[in-house]
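To start, the structure itself, in structure tokens.
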Amino acid sequence: MIKVLISGGLDSSLLMGMLSNSDLKIETAPDMTVSVEKYGVVVASHLSESDASALSGILKRCGEPPLILVGRGPAPDYADIIRLDEGVSADELAEACRVTSLAAVDGGLVGPFDTRGIIGQSEGIRRVLGIAQKVASTDSTVLITGESGTGKELIARAIHRNSPRRNAPLVVINCGAIPGELLESELFGHEKGAFTGAHRARPGRFELADGGTIFLDEIGDMSPDLQVKLLRAIQEKCFERVGATHSIHVDIRIISATNKDLAQAVEESRFREDLYYRLNVIPVIMPPLRERRSDIPLLASHFTEKLAKRTGMEEKQFSPDAMATMEAYDWPGNVRELENLVERFSVLVDGSTVTLEDLPGHFKACASDEANDGPLYVDVRQGVNFHESVEQHQKNLILQALNESNWVKAKAAELLSMKRTTLVEKIKKMKLEDGSASSSL
């Protein structure tokens, strides 16, 4: 077990709480004194000048382990220091402790490619992991594309975790979640007085990622004006804070992700072509869950086990017909939708086994539809009722649109390029029933 010493600083109790549920052995030195004992890593945050000076003695007495400093501030004069953003999560901090300690012992990557959190054995996910493993040891720019909920951030974290930059920060920013007028400041920082409310200078995410990796999620939502500034930052590895007159140089790796078709956005002049080619050096395409159905039992089992450990609830099993129906479903929300559904089962299903009756109505509607459907191609040599076949195909299309839109009729009509009133008439005529209890629109 890796031994971690939390030593001094204003946030020692907070750090202790963050690591309390990890598999690490945690000890503290609140008064900046400690007996002579070897530790795998020492963690501190928000040190005062005196604390930083005292910490040098602790590190020497403990065999000079690596030091992780969370946030900015004074640091001891010490070679093996890793800085993490003060917004680091508990899981990220625990992972940094594990990787840093093992790297200090072995001087490099430990064991095979670390796929922690990525579940699956299908051909699609193996192909993605093969690319990730090859690119991890390089500094090549990576663009991860795929539908929402397919695990793009997990792959980005795996690439960073297995890279030579693994001891430096991985800084994540969701470009689609921040208003365009604020995103530049978030990326590049700002100087005091640069705009109303800028009461002090603030480093941006590019500065915080110096030496490590920056993950630009939902890059397709970035405004054209900011795309120009991002292109320069990627090309030259330098930028200016908002309101500054001097450039800041950084050593970072760029990984970006989007659920949009950037090639089409380039054709429609919504995304810069030169930026697209800068980002798309190594493309990684995440397969949707419907293209890796064999992974659904593995993922469901993983999520039920994870929930049981976290909540203490009974670990659920799945009946064969329930699992078969789940495997047949198209999962528009992908792995995220599956994880949320498993959590719903853990809370609402009384027994130890999830049955077909426990599945949402639209799952059962899809299963019934699939069982009754014929293929689109029909062998007319055997004879066919034209009108019945056309009506069945219409029914299939309408059901698919309704299930895709959670039975919101206005949205389903939009997907089918028809008027809502026409769709409502067809639903009545075909006597289709809402399996999701959400048909008010």
remark   = With label points set 7 Å from each Cα along the Cα-to-Cβ direction at residue 244 and residue 281, the distance between them in nm comes to 2.2 nm
query = Per 10 Å bin, what percent of the C-alpha pairs of the chain does each bin hold, from zero upward?
reply = 4, 16, 22, 24, 18, 9, 4, 2, 0, 0
Packing-based ranking, highest mean first, of 193-200, 239-246 given that Cβ atoms within 10 Å are counted = 239-246, 193-200
request  = State the antiparallel share, in %, of DSSP beta bridges confined to the chain, rounding to the nearest 5.
outcome  = 10 percent
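Please grab the % of Cα pairs in segment 137-226 that end up more than 18 Å from each other. If you can, show how the numbers build up before the last one.
Details: 2033 of 4005 pairs.
Summing the P(r) of segment 137-226 above 18 Å gives 51 percent of all pairs.
Given 0.36 nm per residue, what is the gain on full extension from residue 347 to residue 415 after removing their alpha carbon distance, in nm? Working shown, then result.
Numbers: separation 68, 0.36 × 68 = 24.48 nm, distance 3.32 nm.
In short, 21.2 nm is gained.
Taking Cα pairs under 8 Å and at least six residues apart, what relative contact order does the chain come out at, in percent? If you can, show how the numbers build up before the last one.
Working: 705 pairs, mean separation 49.4, N = 441.
Normalised by residue count, the contact order of the chain is 11 percent.
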Restraint check, 260/411; 395/431; 260/426; 395/419; 395/429, Cα-Cα greater than 22 Å = 260/426
query = In bins 5 Å wide, starting from 0, what share of all Cα pairs of segment 195-304 does each bin hold, as a percent?
reply = 2, 9, 17, 18, 15, 13, 10, 7, 5, 3, 1, 0
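In Å², and per residue, what accessible area does the chain have when probed at 1.4 Å with the other protein chains present?
So the chain comes to 52 Å² accessible per residue, rounded to a whole number.
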ask   = According to a simple spin-label model (label point 7 Å from Cα along Cα-to-Cβ), what is the distance in nm between residue 194 and residue 20?
value = 3.7 nm
task = On the full set of protein chains, 1.4 Å probe, figure out the accessible area of residue 178 and give it in Å² to the nearest 10.
result = 40 Å²
ask   = Mind checking which lysines have their C-alpha under 18 Å from residue 25, skipping anything on the same chain fewer than 8 residues away?
value = 3, 38
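The values are calculated or read from the model by the stated rules, or taken from the named source; none is laboratory data. This structure is a prediction, so every number in the text was calculated from the model and none was measured. FYI the Cβ positions are ideal-geometry reconstructions off the backbone, even for glycines, and counts take in every protein chain you see. Ligands, DNA and RNA are stripped out before the accessible areas are found, and what is left, the full protein with its side chains, is counted by its heavy atoms. Shrake-Rupley method; radii C 1.70, N 1.55, O 1.52, S 1.80 Å.
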